[in-house]
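The numbers here are math on the coordinates, done by the rules we state, and not lab data. The shown structure was predicted, so the numbers you read here are calculated from the model rather than taken from an experiment. All Cβ positions, glycine included, derive from the backbone under ideal geometry; neighbour counts span all protein chains shown.
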Amino acid sequence: MPEGPHAFYERLEQDRFLPTANTRGPWDAESQHAGPPAALLARAVETRPDAREDMRLARITYEIHRPVPIRPLTLSVEVLRAGRSVEIVEAELSPDGESPVMRARALRIRTAEESVASVVDEPRVEAPVEGTREPFYPVPWDIGYHTAMEAVFDRGSFLERGPASCWMRMRVPLVAGEAIRPLDRVLTAADSGNGVSNVLDFGRHIFVNPDLTVHLHRYPVGEWVCVDARTSIDAAGIGLADTVLHDEKGPIGRGAQSLFVAGR
């Protein structure tokens with residue numbers, strides 16, 4: 001496998017980042033896969049100077065206004081509501097001199113350690129010990145998201161249509177020289193739900209997901225995150241990719257992507 005840069009982004013200034021070739025998505029050589037910028041926005045929410053340590057991200061919704069270019073990007077963060085137990089924070093990602101290309105609105109909730117019993121009503125997906133490393137669908141460039149992420153399938157494959165269960169792991173950190181955080185791991189992978197569970201031929205159809213919502217009842221533990229996904233599409237061309245997210249200990253949350261689907 002070709003060796004790419006050693007991170008998804010390089011930090012140019014405190015809130016300004018340079019995307020590397022590792023962010024490149026499978027459809028356009030000049031645009032990023034939505035996973036890395038989603039993780040970058042969530043990191044900005046979580047690490048802002050006034051972020052409370054007793055709060056945890058419970059839900060984040062992304063609106064993808066247009067493809068995120070592989071050019072220098074500036075992050076901005078604003079607290080919309082600061083309550084005792086709940087806060088709402090908005091973050092935007094903008095190319096130099098342009099309007100935002102991606103916006104995130106996050107809900108953070110105050111934690112109370114071991115105040116209630118843990119209850120999870122979701123089947124567990126086995127960790128990727130016996131999984132299969134399936135080939136990625138054809139991409140006309142050597143370096144990109146498809147080489148920066150390791151993927152092991154428990155069920156399905158990139159080249160097989162229908163529901164799939166895929167364990168994913170970052171091969172490189174989100175930001176050069178900075179440690180990988182738990183949210184980096186899950187949000188870099190969560191946007192791949194439709195990609196692993198596609199139900200129509202990518203060569204004959206266009207898939208556009210203008211949003212992504214991720215709910216988390218806990219942060220992932222370990223390096224691997226499982227994307228257990230299925231996609232449904234109506235004949236009118238509107239679809240939904242529904243994803244259960246797991247780590248090696250069990251379910252951690254859920255993701256959903258709205259889809260626009262059309263023939264080429």
Problem - Every residue from the range 15-64 that is acidic (Asp, Glu), under 20 Å from residue 218 (Cβ atoms) and touching a residue at least 60 places away in the same chain (Cβ under 8 Å) - result: 46
Practice task
Just name the residue that is nearest to residue 209 (Cα to Cα) out of those in the range 67-87 that are in contact with a helix residue (DSSP H, G or I) (Cβ under 9 Å, 6 or more places away or on another chain) and not in a strand (DSSP E or B).
Solution key: 68
Fill in the blank from the handout: Considering the range 59-102, residues that are among the acidic types (Asp, Glu) and over 22 Å from the mean Cα position of the chain (by Cα), and then whichever is farthest from residue 48 (Cα to Cα), we arrive at 98
Handout entry: Output for the range 148-204, where each listed residue is of a type in the set (Gly, Ala, Ser), in a strand (DSSP E or B) and under 17 Å from residue 220 (Cα atoms)
Key = 151, 165
Completion exercise
In the range 138-150, residues that are surrounded by 14 or more Cβ atoms within 10 Å (Cβ to Cβ) and without any contact (Cβ under 8 Å) to a residue 40 or more places away in the chain total 1
Handout entry: Pick from the range 196-225, criterion touching a Pro at 6+ places or on another chain (Cβ under 8 Å) and closer than 18 Å to residue 153 by Cβ, ranking: surrounded by the fewest Cβ atoms within 10 Å (Cβ to Cβ)
Key = 224
